[in-house]
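One structure, as structure tokens, below. Some questions next.
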Amino acid sequence: KVEPTISITVVGASGDLAKKKIFPALFALFYEACLPKHFTIFGYARSKMSDEELRNMISRTLTCRIDKRENCGDKMDEFLQRCFYHAGQYTSEEDFLELHRKLKEKEIGRLPNRLFYLSIPPNIFVDVVRCASRRASSESGWTRVIVEKPFGRDSESSGELTRCLKQYLTEDQIFRIDHYLGKELVENLSVLRFSNLVFEPLWSRNCIRNVQLIFSEDFGTEGRGGYFDNYGIIRDIMQNHLLQILALFAMETPVTLEAEDIRNEKVKVLRSMRQLVLDDVIVGQYKGHTKGAKSYPAYIDDPTVPKDSLTPTFAAAALFIDNARWDGVPFLMKAGKALHTKRAEIRVQFRHVPGNLYKRNFGTDLDKATNELVLRVQPDEAIYLKINNKVPGLGMRLDRSDLNLLYKARYTKEIPDAYERLLLDAIEGERRLFIRSDELDAAWKLFTPVLTELEEKKIAPELYPYGSRGPIGAHYLAAKHNVRWGDLS
Ligand code: BG6
């Protein structure tokens, strides 16, 4: 019986993502013995580099994150010996044919499967897919291509990209990555909801008042301004990462855990969403700020960003799902760069207990008595539930306390990076955590009109100081929907 082998080609091998995420994730999979027995890794980029130089470059970002006590130098050497480099242009079929020849040499006597990871700017996606599929596809095994966002800038350009990719690949061969779907807590969302009786029956408008999806970073777009200015925070974070979480959160129970069943439910809920309107969006942009001896730059101080840029680095939005389960429940999103903290979380605020016997203990503010479930995606993964509790003692004083599942206190094993899970899934042909084209389409339909309006009307973002909690407008938006941001209360 012929044994399979897999060739993984990282196109754009000298880029940041490849160095920081993809090669380290491949190494971690190798270290954990998750890669198939026979595999080869190729780096593909334009600059001239020898295999040895590629190995040196990779080794600088490889870490032994899995077992810090152990010296994994031997494993690293073993891994690096399986890495090779091929210099080529991204638009040259000839250069991909040359790669094909090199891959074939490594595949002799085995069933060849090929995975291409496109870690390249979007303007060359289609060229690379054309060249790779025509000249470097596997002849007898499978060929799969992982693509990274941005998948277009709006419905139209995304549709165009999908059409172009489908000239060369079938939908089954395309693995659209959204790395938030590979995060531990995001994967756990379905487990929490569908396998716990204490949550499953509460998961609807009957008990949930609002849901908040919050992303914040405590650094600006340093070094990425050129890319970012063309997209902005809504396209960079909301339309993909936060919306994907929302879809998983809000979907109906899938028939099974198979990829198609899950993606069918996600697309259904996305299509049930009300188109976002400008009145339900606020945008911000960070300005320079001095704190003590340190000064922080404004977004427009980035030399690759135009001085009059209106690109939002912060946005908040209120979204609604017009179906029976979620009718009237606001799903609030908030995403920003250069804020006071780095955090991603999902907050679920429950309704008041009807006729709460203890309401006088909460003064006039019954909101203080509602339960809140928080899934902290990062940092410090945790799930906690805010409950009302009697403060021990002779009196009857209540406070809100946490039932707290802090991962690092409960589990000793380190949590894998999102890219490890997603790469492994792509290698194994598991599509559950990748975005299908109809999901992408539905996601763009939701945001495109508002993005166009923001640009056409040249809506000026509200300025907020670097390192602050973001524009005040986010509070007004929440208040309009009778919501308080849980991360600020
Ligand atoms: C990327 C965005 O998709 O996600 C970046 O393009 C952002 O702007 C990054 O910084 C955040 O990812 P993580 O995993 O570090 O939270």
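Just to be sure, is Met238 within 21 Å of Lys445 (Cβ to Cβ), within 13 Å of the ligand (Cβ to nearest atom) and out of contact with any Cys (no Cβ under 8 Å at 6 or more places or on another chain)? Lay out the reasoning, then the answer.
Values: within 21 Å of Lys445 (Cβ to Cβ): yes; within 13 Å of the ligand (Cβ to nearest atom): yes; out of contact with any Cys (no Cβ under 8 Å at 6 or more places or on another chain): yes.
It is true that Met238 is within 21 Å of Lys445 (Cβ to Cβ), within 13 Å of the ligand (Cβ to nearest atom) and out of contact with any Cys (no Cβ under 8 Å at 6 or more places or on another chain).
Of all residues in the stretch 5-33, how many are more than 23 Å from Ser50 (Cβ to Cβ) and surrounded by fewer than 16 Cβ atoms within 10 Å (Cβ to Cβ)?
The qualifying residues number 2.
Would you pick out the residues in the stretch 427-450 that are aliphatic (A, V, I, L, M), in a helix (DSSP H, G or I) and within 16 Å of the chain's Cα centre (by Cα)?
Of the stretch 427-450, the ones aliphatic (A, V, I, L, M) are 427, 433, 435, 440, 442-443, 446, 450.
Filter once more, keeping what is in a helix (DSSP H, G or I): 427, 440, 442-443, 446, 450.
Within the stretch 427-450, Leu440, Ala443 qualify.
So which pairs qualify, if the first residue must be in the stretch 60-81 and assigned to a helix (DSSP H, G or I), the second must be modelled with pLDDT of 65 or more and of a type in the set (A, V, I, L, M), the Cβ gap must be under 7 Å, and the two must be at least 6 apart or on different chains?
Pairs found: Met76/Leu62; Leu80/Ile58.
For the stretch 149-180: of the residues being in contact with a strand residue (DSSP E or B) (Cβ under 8 Å, 6 or more places away or on another chain) and within 14 Å of the ligand (Cβ to nearest atom), which is farthest from Asp438 (Cα to Cα)?
If we take residues in the stretch 149-180 being in contact with a strand residue (DSSP E or B) (Cβ under 8 Å, 6 or more places away or on another chain) and within 14 Å of the ligand (Cβ to nearest atom), then Tyr180 is farthest from Asp438 (Cα to Cα).
Could you please let me know if Thr311 is on the phi < 0 side of the Ramachandran plot, in a loop (DSSP other than H, G, I, E, B) and surrounded by 15 or more Cβ atoms within 10 Å (Cβ to Cβ)?
Details: on the phi < 0 side of the Ramachandran plot: yes; in a loop (DSSP other than H, G, I, E, B): yes; surrounded by 15 or more Cβ atoms within 10 Å (Cβ to Cβ): yes.
Judged against the criteria, Thr311 is a match.
Being at pLDDT below 95, under 26 Å from Ser50 (Cβ atoms), buried (at least 21 other Cβ atoms within 10 Å of the Cβ) and out of contact with any Cys (no Cβ under 7 Å at 6 or more places or on another chain) narrows it down to one residue among Ile108, Ile120; which is it?
On the way: Ile108 fails: buried (at least 21 other Cβ atoms within 10 Å of the Cβ).
Criteria check complete, one pass: Ile120.
Could I ask something else about it? Being out of contact with any Pro (no Cβ under 8 Å at 6 or more places or on another chain), among the polar types (S, T, N, Q), within 16 Å of the ligand (Cβ to nearest atom) and touching a residue at least 12 places away in the same chain (Cβ under 8 Å): is that true of Gln244 here? Step through it out loud before you land on a result.
Values: out of contact with any Pro (no Cβ under 8 Å at 6 or more places or on another chain): yes; among the polar types (S, T, N, Q): yes; within 16 Å of the ligand (Cβ to nearest atom): yes; touching a residue at least 12 places away in the same chain (Cβ under 8 Å): yes.
Considered against the rule, which asks whether it is out of contact with any Pro (no Cβ under 8 Å at 6 or more places or on another chain), among the polar types (S, T, N, Q), within 16 Å of the ligand (Cβ to nearest atom) and touching a residue at least 12 places away in the same chain (Cβ under 8 Å), Gln244 comes out as yes.
Could you tell me which numbered condition Ser216 fails, if it satisfies all but one of (1) within 16 Å of the ligand (Cβ to nearest atom); (2) small (Gly, Ala, Ser); (3) over 16 Å from the mean Cα position of the chain (by Cα)?
Checking Ser216 against (1) within 16 Å of the ligand (Cβ to nearest atom); (2) small (Gly, Ala, Ser); (3) over 16 Å from the mean Cα position of the chain (by Cα), the one that fails is (3).
Next question. Within the bounds of the stretch 139-146, is there any residue that is away from the ligand (no atom under 16 Å from the Cβ) and on the phi > 0 side of the Ramachandran plot? Give the steps one after another, and end with the answer.
Residues of the stretch 139-146 away from the ligand (no atom under 16 Å from the Cβ): 139-145.
If we keep only those that are on the phi > 0 side of the Ramachandran plot too, we end up with none.
No, every residue in the stretch 139-146 fails to be away from the ligand (no atom under 16 Å from the Cβ) and on the phi > 0 side of the Ramachandran plot.
Looking only at the stretch 216-240, which residues are in contact with a strand residue (DSSP E or B) (Cβ under 9 Å, 6 or more places away or on another chain) and part of a helix (DSSP H, G or I)?
Across the stretch 216-240, the qualifying residues are Gly232, Ile233, Ile234, Asp236, Ile237, Met238, Asn240.
May I pose another question? So, Gly232, is that one modelled with pLDDT of 95 or more, touching a Pro at 6+ places or on another chain (Cβ under 6 Å), within 16 Å of the ligand (Cβ to nearest atom) and on the phi > 0 side of the Ramachandran plot or not? It would help to see each step written out before you state the result.
Values: modelled with pLDDT of 95 or more: yes; touching a Pro at 6+ places or on another chain (Cβ under 6 Å): yes; within 16 Å of the ligand (Cβ to nearest atom): yes; on the phi > 0 side of the Ramachandran plot: yes.
Yes.
Pick from Glu372, Glu420, Glu439, Glu430: which is within 16 Å of the ligand (Cβ to nearest atom) and either within 26 Å of Lys166 (Cα to Cα) or not aromatic (Phe, Trp, Tyr) (or both)?
Values: Glu372 fails: within 16 Å of the ligand (Cβ to nearest atom); Glu439 fails: within 16 Å of the ligand (Cβ to nearest atom); Glu430 fails: within 16 Å of the ligand (Cβ to nearest atom).
So the residue among Glu372, Glu420, Glu439, Glu430 that is within 16 Å of the ligand (Cβ to nearest atom) and either within 26 Å of Lys166 (Cα to Cα) or not aromatic (Phe, Trp, Tyr) (or both) is Glu420.
In the list Leu394, Leu406, which residue meets the criterion of being touching a residue at least 24 places away in the same chain (Cβ under 8 Å) and either among the aliphatic types (A, V, I, L, M) or in contact with a strand residue (DSSP E or B) (Cβ under 9 Å, 6 or more places away or on another chain) (or both)?
Every option except Leu406 fails the conditions.
Would you check which residues across the stretch 36-49 are more than 29 Å from Glu3 (Cβ to Cβ) and of a type in the set (Ser, Thr, Tyr) and list them?
Our first condition is that a residue be more than 29 Å from Glu3 (Cβ to Cβ); within the stretch 36-49, this holds for 45-49.
Of everything in the stretch 36-49, just one residue is more than 29 Å from Glu3 (Cβ to Cβ) and of a type in the set (Ser, Thr, Tyr), namely Ser47.
The values are calculated or read from the model by the stated rules, or taken from the named source; none is laboratory data. The shown structure was predicted, so the numbers you read here are calculated from the model rather than taken from an experiment. Positions of Cβ are backbone-derived with ideal geometry, glycine not excepted, and every protein chain shown enters the neighbour counts.
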